[in-house]
Amino acid sequence: MKKYRKFYVIFLSGMLLCLGGCGRKADRMGDSAVHSMDTAMGTMVQQTIYLQDTQEKADQADGEGQSQSGAVTDDVMEVIRRLEEELLSWRLETSEVYAINESAGDPEGILVSPQMKQLLTRCREVSEASSGAFDITMGRVVRLWNLDAWAGADNQLDYRLPGEEEILSCLSGTGYEKLDLQENRLYLPSDLQLDLGAVGKGIALDEIQETFSQKQEVAGAIVSVGGSVLTYGTKPDGTSWRVAVTDPQNTAAGIGYLELSGQWCVSTSGTYERFVEVNGVRYHHIIDPSTGHPADSGLDSVTVLTKDGFLSDALSTACLVLGKEEGGRLAQAFQAEAIFVDHEGNVTMTEGMGQYFHLSKVEK
Ligand code: AMP
Ligand code: MG
């Protein structure tokens, strides 16, 4: 693994997708790209879409406000929302995960869709490879901490830390090996609840990539769904995609950027993303399944680079729990590259990451 000390000056201009405000907004820019910002899956979605040259000219000729590229950004939002509403949300009664969680304890089990079956199988593979550091059966423990709801709330002083007994009680029901999937039927123990929050954004990237590949008019695109970024195709000027890696100690800036050509997925898991501070201690949203407490591996963030969105998202969560040594081995087992930032701001990376990552210095 390569090691760097943290630099104090930070690259900013490459952070095209990592900063900005919320709310639905799509703008055609002078560089012939369409930029859009919106929210879905409880996070910000930012897109920059470049159309093929001929399509761009046709759009300009008919001068319509809702251009072809605007339709593409709408389709992307539709893909993400459908995933959330129909498949992944534990909150929405319309989703398959909700129905699965409702079936807990049912001796008849529940029929799962082919997509869910494939997803559960892939999750199990990462759980096994990470010795359980990645575990989608942590739903009850995650709900108990409830950090997603409290992070960013104004009244954090009212947050009540869960007691050790409650934690252990929820934890005793968890374990990926307890998921009993037979053919297309899943049998969920009564005290087990699924939470697919660690892979939702990555799955979204895979589906967005699939959508782009069916649209010949899309020449290139860069889309971020929360901490996960998809690069696709090429820019009209032929320059590389740049994806900033957030500085955990100063989240409005970056420690550097990845320079990428063509299709890639980049996911970051960070202790700074969702947390509550109690008596000066940060309690963040990624839970170590071996303790039931927020992961304490010495890391503040992990960024994973692969071609596959599901994997980049699953591995970044797992690596944050495992720490840099074991995390590095896990990433490499899946032919992924990773960057680790520890509490002191030290930056470490897997050997192959060096060809993509630029540690850069620019003040905010
Ligand atoms: P991410 O931001 O992709 O690292 O995912 C974090 C989310 O995954 C949390 O908000 C939880 O919903 C869920 N989660 C927390 N800890 C784990 C874990 N050890 N394995 C799998 N999912 C987890
Ligand atoms: Mg993840």
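The values are calculated or read from the model by the stated rules, or taken from the named source; none is laboratory data. The shown structure was predicted, so the numbers you read here are calculated from the model rather than taken from an experiment. With ideal geometry, Cβ positions are generated from the backbone for all residues, glycine too; neighbour counts draw on all protein chains shown.
Within the bounds of region 345-354, is there any residue that is at pLDDT below 95, away from ligand 2 (no atom under 16 Å from the Cβ) and in contact with a Leu (Cβ under 8 Å, 6 or more places away or on another chain)?
No - not one qualifying residue is present in region 345-354.
Starting from residues that are touching a residue at least 40 places away in the same chain (Cβ under 8 Å) and on the phi > 0 side of the Ramachandran plot, keep the ones in region 214-270 and report whichever is nearest to ligand 2 (Cβ to nearest atom).
Applying the filter and picking the extreme gives Gly226.
Which one of the conditions (1) under 18 Å from Val142 (Cβ atoms); (2) surrounded by fewer than 17 Cβ atoms within 10 Å (Cβ to Cβ) does Val281 fail to meet, given that it meets all the rest?
Among (1) under 18 Å from Val142 (Cβ atoms); (2) surrounded by fewer than 17 Cβ atoms within 10 Å (Cβ to Cβ), the lone unmet condition for Val281 is (1).
Those residues that are in contact with a Phe, Trp or Tyr (Cβ under 6 Å, 6 or more places away or on another chain) and either near ligand 2 (Cβ under 10 Å from one of its atoms) or in a loop (DSSP other than H, G, I, E, B) (or both), I need them from region 271-310; list them, please.
Result: Val302, single match.
Can we say Ser269 is surrounded by 22 or more Cβ atoms within 10 Å (Cβ to Cβ) and either of a type in the set (Asp, Glu) or closer than 27 Å to Gly139 by Cβ (or both)? So that I can check it myself, show each step before the final result.
Details: surrounded by 22 or more Cβ atoms within 10 Å (Cβ to Cβ): yes; either of a type in the set (Asp, Glu) or closer than 27 Å to Gly139 by Cβ (or both): yes.
It is true that Ser269 is surrounded by 22 or more Cβ atoms within 10 Å (Cβ to Cβ) and either of a type in the set (Asp, Glu) or closer than 27 Å to Gly139 by Cβ (or both).
Kindly indicate whether any position in region 90-108 is of a type in the set (Asp, Glu), over 17 Å from the mean Cα position of the chain (by Cα), surrounded by fewer than 14 Cβ atoms within 10 Å (Cβ to Cβ) and assigned to a helix (DSSP H, G or I). Break it down stepwise before answering.
Start the filter on region 90-108 by keeping residues that are of a type in the set (Asp, Glu), which leaves 93, 96, 102, 106, 108.
Add one more test, that the residue is over 17 Å from the mean Cα position of the chain (by Cα), and what stays is 93, 96, 102, 106, 108.
Next cut, surrounded by fewer than 14 Cβ atoms within 10 Å (Cβ to Cβ) only: 93, 102, 106, 108.
Still in the list and also assigned to a helix (DSSP H, G or I): 102.
Yes: region 90-108 contains one or more residues that are of a type in the set (Asp, Glu), over 17 Å from the mean Cα position of the chain (by Cα), surrounded by fewer than 14 Cβ atoms within 10 Å (Cβ to Cβ) and assigned to a helix (DSSP H, G or I).
Here is a list: Leu305, Leu258, Leu299, Leu315. Which entry is crowded, with 23+ Cβ neighbours inside 10 Å and within 11 Å of ligand 1 (Cβ to nearest atom)?
On the way: Leu305 fails: within 11 Å of ligand 1 (Cβ to nearest atom); Leu258 fails: within 11 Å of ligand 1 (Cβ to nearest atom); Leu299 fails: within 11 Å of ligand 1 (Cβ to nearest atom).
None of the other options fit; the residue is Leu315.
When you look at Ala253, is it more than 16 Å from Phe340 (Cβ to Cβ) and at pLDDT 95 or above, yes or no?
Numbers: more than 16 Å from Phe340 (Cβ to Cβ): yes; at pLDDT 95 or above: no.
It is false that Ala253 is more than 16 Å from Phe340 (Cβ to Cβ) and at pLDDT 95 or above.
Quick one: what pairs do we get from region 292-304, first residue modelled with pLDDT of 95 or more, second aromatic (Phe, Trp, Tyr), C-beta under 6 Å, 6+ apart or different chains?
Pro294/Tyr283; Leu299/Phe340; Val302/Phe340
Could you go through region 51-71 and let me know if any residue there is surrounded by fewer than 20 Cβ atoms within 10 Å (Cβ to Cβ), at pLDDT 80 or above and β-branched (Val, Ile, Thr).
No, the conditions are met nowhere in region 51-71.
Give me the pairs, please: first residue somewhere in region 329-355 and farther than 17 Å from Phe310 by Cα, second residue anywhere and at pLDDT below 95 and of a type in the set (Phe, Trp, Tyr), beta-carbon distance under 7 Å, and either six or more positions apart or on two chains.
Val347/Tyr4
Of everything in region 129-176, what is outside any loop (DSSP other than H, G, I, E, B), without any contact (Cβ under 8 Å) to a residue 12 or more places away in the chain and within 16 Å of ligand 1 (Cβ to nearest atom)? Give them in sequence order. Before the answer, list the steps.
Start the filter on region 129-176 by keeping residues that are outside any loop (DSSP other than H, G, I, E, B), which leaves 129, 138-145, 147-150, 156-158, 164-172, 176.
If we keep only those that are without any contact (Cβ under 8 Å) to a residue 12 or more places away in the chain too, we end up with 149, 157-158, 164-165, 169.
Ala149 - this is the single residue of region 129-176 that is outside any loop (DSSP other than H, G, I, E, B), without any contact (Cβ under 8 Å) to a residue 12 or more places away in the chain and within 16 Å of ligand 1 (Cβ to nearest atom).
Could you give every pair whose Cβ atoms fall below 8 Å, whose first residue belongs to region 80-91 and is polar (S, T, N, Q), and whose second residue is in a loop (DSSP other than H, G, I, E, B), counting only separations of at least 6 or pairs across chains?
Hits for this filter: Ser89/Ser95.
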